[in-house]
2 protein chains.
Amino acid sequence: MRRNNPAGRLPEPLNPIADDGDETHFCRTCAFSGACIAEGYGKPELLELHCLVEHVGPFHAGEHIFRTGDPFRSIFAVRAGTVKTSMVDPDGHEQVLGFYLPGEVIGLNAIYPDQFPCDAVALDTAYFCRFSFPAMSALATRMPAVQQRLFRLISKELGMATLLAGDHNADMRMAAFLTDLAARYEERGFSGTRFHLSMSRGDIANYLRLAAETVSRVLSRFRQQGLIELEGREMLLRDPEGLRQIGRNLLSH
Amino acid sequence: MRRNNPAGRLPEPLNPIADDGDETHFCRTCAFSGACIAEGYGKPELLELHCLVEHVGPFHAGEHIFRTGDPFRSIFAVRAGTVKTSMVDPDGHEQVLGFYLPGEVIGLNAIYPDQFPCDAVALDTAYFCRFSFPAMSALATRMPAVQQRLFRLISKELGMATLLAGDHNADMRMAAFLTDLAARYEERGFSGTRFHLSMSRGDIANYLRLAAETVSRVLSRFRQQGLIELEGREMLLRDPEGLRQIGRNLLSH
DNA sequence: CGACAGAAATGACGTACGTCAAGCGCGCTT
DNA sequence: AAGCGCGCTTGACGTACGTCATTTCTGTCG
């Protein structure tokens, strides 16, 4: 009986890792793997893409991957761990822009200003693939699927930012946040109902443009309503469909 | 004396038009003209780009340029007039996403979902250049400057959406909105202090995620404070620097 | 010209969420 | 194990903005 979970405790979730790439294959969950499949893995150009990838990490919780103002030279695909990106406005207030899971890509919003417009900070121990952007856009020039992939990644990010910009109440924002997170975990092959929140309540609040206290209250209410189970940062979605309904105005699919 | 403006009336602003292109030159203010300058106007590929442009319009106030769900085949550069884009959420509430002036490009957010995620409606009589997107991305494959231009246009749009997503009070949002509009007019060669608001107060309110009444009140206050002069939809910025200061947290430059 | 409709301004009032403050639990460090 | 700090929760209260209602203005059409 000692080996069972004590009553009221959630079981440990798997630690999300997408680190199954090698010299000639992308990680299974990588945002660029789709481009490779489209083109056929054998192409010499894809080998080039592999050559221009540099594996970096580990970064530990709190460490910066890049900082506001750094010259834009690379984009990063998350191999393992979680990242938050944030800006600080002229008054010194932090603004969380997004959270990034294994397989997702950070740095795309630096293309226009040609320097990073935000900080990227590891929330836990994180590893990355670094792609030189000049090399990548040169490759995109020769490989339509890579170009397509880049366009779509940026355009997708644009869609996310747009949704967040709507005016919605705290319940909708929170429900949409959880549903989105779940969908992204699932998409990458992790559990879509049980996962670890790598970010603090404060970060979630900031991201959703709410006060940390409001986030606490909404989560407590969701728990009372049987929508979720939550212990510390271990999340279990008990009624994903219910959450999706609450947040539907903010969710594209 | 009859020819002078009566006291308290603003003079008529110029009607913004950017329609000075022909078969071999882009409109002066066009978002793509930069790509041409970078490459040198003479290149045969640019003539191709001209071939794939189709001039469309006029669209009259209230007419749709495209609708949510339309298959994505083209992007549009505004040649004259003003456009608003908007989504309706599952509850039927409209969400204004943006306003587009002559020289600016609409439709970029359709790349990822491969269909238009929003409606585009003319706010006054409007003309466009329609670019076939498949043709354009094929061209981008051969012309790095065109690819670069596309990346930057999308990335810029991403930056805009991000700013709007912050939580800021009504004064800041309004001041930033006016400052941004002024900067964009100026960038395209129009007056940056005196212009016509083609959109209703309701549309502005919706865009800024405020109530129409709040917009009215803020504008009245700005007028009392001597920041602006406003008569109907004719806007004169009396203290652009003051406005910029109020909205500085929302403005990147 | 006068009548009408929609847009805009202004005032009175309600509320969702922020702010402030106190208390609790959990993981460090020594 | 005790002590400390930080993240989280919960309650009490304030406020910026939304909602509702009324009035005024503007442009359009008989």
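Taken together, the values in this text are just the output of simple stated rules run on the coordinates, not laboratory data. Every value quoted in this text rests on a predicted model; they were computed, and no experiment measured them. Neighbour counts run over all protein chains shown; Cβ positions are idealised from the backbone, glycine included.
Data table
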{"read-out": "Lys/Arg +1, Asp/Glu -1 at C-beta; region A:33-164 dipole; positive extreme among A:Cys51, A:Leu97, A:Ile111", "value": "A:Cys51"}
{"read-out": "Sites A:Gln224 and B:Asn169, calculated FRET efficiency, Cβ-Cβ separation with R0 30 Å, nearest 0.05", "value": "0.40"}
{"read-out": "More than 21 angstrom apart: percent of Cα pairs within region A:49-116", "value": "26"}
{"read-out": "Inter-copy spacing of B:Ala61 label points, which lie 7 Å from Cα along Cα→Cβ, given in nm from shortest upward", "value": "5.8"}
{"read-out": "Efficiency of FRET between A:Arg201 and A:Gln115 - r from beta-carbon atoms, R0 30 angstrom, step 0.05", "value": "0.45"}
{"read-out": "With 5 Å bins from 0: P(r) over region B:33-164, alpha-carbon pairs, percent", "value": "2, 10, 19, 23, 21, 14, 7, 3, 1, 0, 0"}
{"read-out": "Cα-centred dipole magnitude for region B:33-164, charges only on beta-carbon of K, R (+1) and D, E (-1), debye, nearest 20", "value": "480"}
{"read-out": "Volume per residue that the Cα convex hull of region A:111-253 spans, once the total is divided by residue count, Å³", "value": "138"}
{"read-out": "R0 of 41 Å, Cβ-Cβ distance A:Arg238-B:Ser191: FRET efficiency to nearest 0.05", "value": "0.10"}
{"read-out": "Copy-to-copy label separations for A:Glu94, where each label sits 7 Å from Cα toward Cβ, in nm and ascending", "value": "3.9"}
{"read-out": "Column: log10 I(q)/I(0), Debye, Cα scatterers of region B:170-250, q = 0.12, 0.20, 0.23 Å⁻¹", "value": "-0.29, -0.86, -1.17"}
